[in-house]
1. Return the total of residues in the stretch 342-375 being farther than 23 Å from residue 265 by Cα and outside any strand (DSSP E or B).
2. When only residues in the stretch 292-304 that are part of a strand (DSSP E or B) and at pLDDT below 90 count, which is farthest from residue 333 (Cα to Cα)?
3. Across the stretch 110-146, what is the number of residues that are in contact (Cβ under 8 Å) with a residue 12 or more places away in the chain and out of contact with any strand residue (DSSP E or B) (no Cβ under 9 Å at 6 or more places or on another chain)?
4. Here are some conditions: (1) in a loop (DSSP other than H, G, I, E, B); (2) outside the structural domain of residue 337 (by TED's automatic domain parsing); (3) over 23 Å from residue 203 (Cβ atoms). Residue 226 meets all but one. Which one does it not meet?
5. Could you tell me whether the stretch 310-317 includes any residue that is crowded, with 19+ Cβ neighbours inside 10 Å, in contact with a helix residue (DSSP H, G or I) (Cβ under 6 Å, 6 or more places away or on another chain), touching a residue at least 24 places away in the same chain (Cβ under 8 Å) and not assigned by TED's automatic domain parsing to the domain that holds residue 67?
6. Taking the options 272, 289, name whichever one is in a strand (DSSP E or B), at pLDDT 90 or above and surrounded by fewer than 22 Cβ atoms within 10 Å (Cβ to Cβ).
7. Please name all residue pairs, on different chains or six or more residues apart, with Cβ atoms under 6 Å, provided the first residue is in the stretch 279-300 and is over 30 Å from residue 313 (Cα atoms) and the second residue is modelled with pLDDT of 90 or more and buried (at least 19 other Cβ atoms within 10 Å of the Cβ).
8. Could you list all residues from the stretch 330-346 that are closer than 18 Å to residue 320 by Cβ and free of Cβ contacts under 8 Å to residues at least 40 places away in the same chain?
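The values are calculated or read from the model by the stated rules, or taken from the named source; none is laboratory data. Owing to the predicted nature of the structure, the values given are computational and were not obtained by experimental measurement. Please note: Cβ atoms are built from the backbone with ideal geometry, for glycine as well, and neighbour counts cover all protein chains shown.
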């Protein structure tokens, strides 16, 4: 039995079959292309003012990880969630912060904004963040998004060290992946582990509900431990490629499966959360299933996302789609499966205009539509 354990201490998530039947919401995520990262921009990643370019080879992997760690650790925080309790003190009482659980966070704006996971802060009464140098701040929860497990915090501080965002299109399977987080809320600051990017576009069920699935995730074998949820997954240039959100475990322990929300999705989500306190998830209002075709050698292969039904007011139905149509492209991105469709839609927000190509009785039909807003009750 495989389970997905969120990095927040004390939270466990069960893997089940991914739900996609009936009417579903269309949210954001990502189609990730390939490329490599082989050059470090400066001779000393810990010193942004240094100059020169160094070509990275497999032989200097250890020193590269050390440089990435030196650059990233000041931007990684421990997130403490809890409340205040009264304790006797000198004949009276004092309020003392009681920690329920801990997770991790990543500073991404110098004016106090920090990324973490929704499941880290969703039950918090009081949230605090602790930097690697010991500084502690109380944080406000700016906004959360359970659908993608991303949250944004803000502290009253400026001139903070920030993580640079990577260009996800330059990332390839096998590229270096370095995880920095705060496992188990241990004293002494963040920890660093290293591995590779194992896969793109993973889908996971994190609970029994029909909307408990996460789409478009990066997979890595870099060890990620309890308490590291909300931490950073970095490339060899110390740039953020994802926010760690889950690990795979079985009855015998960790399985070397770590998952992160990719940075391009995180960047878009953070804008919505800061501006509106919520994410304006896109909505097609359809049910889909995989469309399969048989090849000349008798194999069955996926050939798109077949529409099985419409919700009332469905944007794509109003644009002319019919039950039985097979979605094969979304804004130029090829769609082979229902999960491709959902993952790609996670890159869009309500109000965006998109082009969709459907196949109907062997004919390709172009549709143009404005994406709707995902209902809150889905």
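1. Here the count works out to 2.
2. 294
3. Residues flagged as in contact (Cβ under 8 Å) with a residue 12 or more places away in the chain and out of contact with any strand residue (DSSP E or B) (no Cβ under 9 Å at 6 or more places or on another chain) within the stretch 110-146 amount to 3.
4. Exception for residue 226: condition (3).
5. yes
6. 289
7. none
8. Scanning the stretch 330-346 gives 330, 331, 335.
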